[in-house]
Amino acid sequence: AMLVTNRGKLLLAESRLLEYAQKIGQSTDTNKDNNTYTMTAMDTEIPSSVLPLKKSYQQGKGDTEEKLFIHSALVIRNEKKSKGDAEDTTTSSSTPLVLLHGYMNGALYFYKNLAGLAGYFTTVHSLDMLGCGLSSGPDFRMLKDRSVQTTESFFVESLEAWRSQNNIEKMVLAGHSMGGYMAIAYSEKYPNRVEKLVLLSPAGIQELNEDKYKSFLSSMSWTRRGVLKVVQSIYDYGVTPGALFRSVSETRGRSWVESYVSGRLSHGIKDTQEQQAVADYLYCSSNLPGIGEHALSRILSSTTIAHTPMIHRIPNLKVPTVAFLYGDSDWMDIEGGIDVQRKCEEKKRQNSSSSTITPTPSVEVYQIKDAGHLLMLENSEEFNNGVILACGGGNEISASSPSLPRKIDPSMWKSNPNQWERRRKKEDNEEDKKTLSSSTASQ
């Protein structure tokens, strides 16, 4: 009964954000071409047989196969066909865009981007990955083992089943954070289904850099360092951040989320009612029983480094183009994307002087200003422009636009050894401003 109630709350929170997405689509700032959009939430049924489950679990089901479903938001740009409408001269991509969310996130984390991206892609799907949000939550303990390969397969094969059920021949696949990691794993297995791969502040790219990690620790106070050590110990023990969140009262949990939205996301979400709608969605998403979140420790160590770093896997992808987008104050290190770009360029140079040529993707790296890890919410306009640019839609964006992302030249990039200290100071300044504002308001 509690699960049904919580799902109902999340459905309501999702519907409110879909309403905001519709309003954004009707805004003259976003919709300069007077497009109209159809936005719907939908469920796609997939068979459980595609998942890497234990044989005992599969045999226990007998001839009755469990049906699962993946929940998503579908946005379609309606073509102008009325007699009085101007001819639609928009240069767009007929290939659908598929968005994958990050850890403890959901499909509507992209609510501010749906209409803007559909203005170019015409069709946009934003998914609740299997085990997350409003999608089915099969028991993660039923996976055949705890390996990285099996954990990846849970998400990769369910995404492939979803694609097949929706008759999508090829897609532009974009993933944020952990969704970026899984988008890479999918592209590795099914490269012929991916036209372009767009990685949005992706997790699991780099190997552990001892010097950087020491710099990160030294930038923290002793108190913060102690808290981090406790959190890492709990993580290594198998307790997920989601489980910790659900262990506190609803009052405290909502207070944490509301403070986060009004503080960290207020630059990109200024309307207080919209902030509350986002906070409700974030809280309801995080408050559902954790299924997909149990993948975290099987993919990443407590230092957030992947057990199989993607920096070694991306150069071998058979996808033609890969783009990275990061925020300029992102805690996910942009040098991961830059290092991948350098590796791919070096591999291409080796190919040019070798009789044996192996497929190597072309890589671009973009940086979004005034944005952190949740770049799609913090600077939605520049985020949209970045995705469109990365997918060849530069002609759709005015060169004079103030919201153009910075394209990184790897030959000009210099590592900043004090990046962790700079980010921490920026976060502290934001917290100080918030505290001062609250105290002033109460006087």
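Expressed in nm to one decimal, what extension gain is obtained for the pair Asp145 and Ser362 from 0.36 nm per residue of sequence separation less their Cα-Cα distance?
Result for the pair: 74.7 nm of gain on full extension.
Quick check: residue separation of Thr272 and Ala243 times 0.36 nm, minus the Cα distance between them. What number comes out in nm?
Using 0.36 nm per residue and subtracting the Cα-Cα distance, I get 7.6 nm.
Using the Cβ-Cβ distance between Ser49 and Ser15 with R0 set to 35 Å, the FRET efficiency works out to roughly 0.60. Using the average count of surrounding beta-carbon atoms within 10 Å as a protection proxy, the listed peptides 201-207, 173-179, 46-52 rank, highest first, as 173-179, 201-207, 46-52. The portion of the accessible surface of the chain made up by carbon and sulfur, rounded to a whole percent, is 51 (1.4 Å probe; DNA, RNA and ligands excluded). Taking all protein chains as they are arranged and a probe of 1.4 Å, the heavy atoms of Asp236 leave approximately 110 Å² accessible to solvent. Multiplying the residue separation of Arg225 and Thr40 by 0.36 nm and subtracting their alpha-carbon distance yields 62.1 nm. Since only Thr123, Gln206, Leu97 are under comparison, the one whose Cα sits farthest along the positive direction of the charge dipole of the range 73-221, derived from C-beta charges on Lys, Arg, Asp and Glu, is Thr123. Pairs exceeding a 18 Å alpha-carbon distance, out of Lys23/Lys270; Lys23/Lys112; Lys189/Lys347; Lys112/Lys270; Lys212/Lys347: Lys189/Lys347; Lys212/Lys347. Normalised by the number of residues in the range 100-144, the mean separation of alpha-carbon contacts (under 8 Å, six or more apart) gives a relative contact order of 40 percent. Based on protein heavy atoms only, the chain ends up with 48 Å² per residue of surface accessible to a 1.4 Å probe. Using alpha carbons only, how many angstrom separate the centre of the range 238-267 from the centre of the range 149-219? About 25 Å separates the Cα centre of the range 238-267 from the one of the range 149-219.
The values are calculated or read from the model by the stated rules, or taken from the named source; none is laboratory data. For clarity, every value in this text was computed on a predicted model and none was experimentally measured. No Cβ is skipped: glycine too gets one built from the backbone with ideal geometry, and neighbour counts run over all protein chains shown. Accessible surface areas use protein heavy atoms only, side chains included; no ligands, DNA or RNA. Shrake-Rupley method; radii C 1.70, N 1.55, O 1.52, S 1.80 Å.
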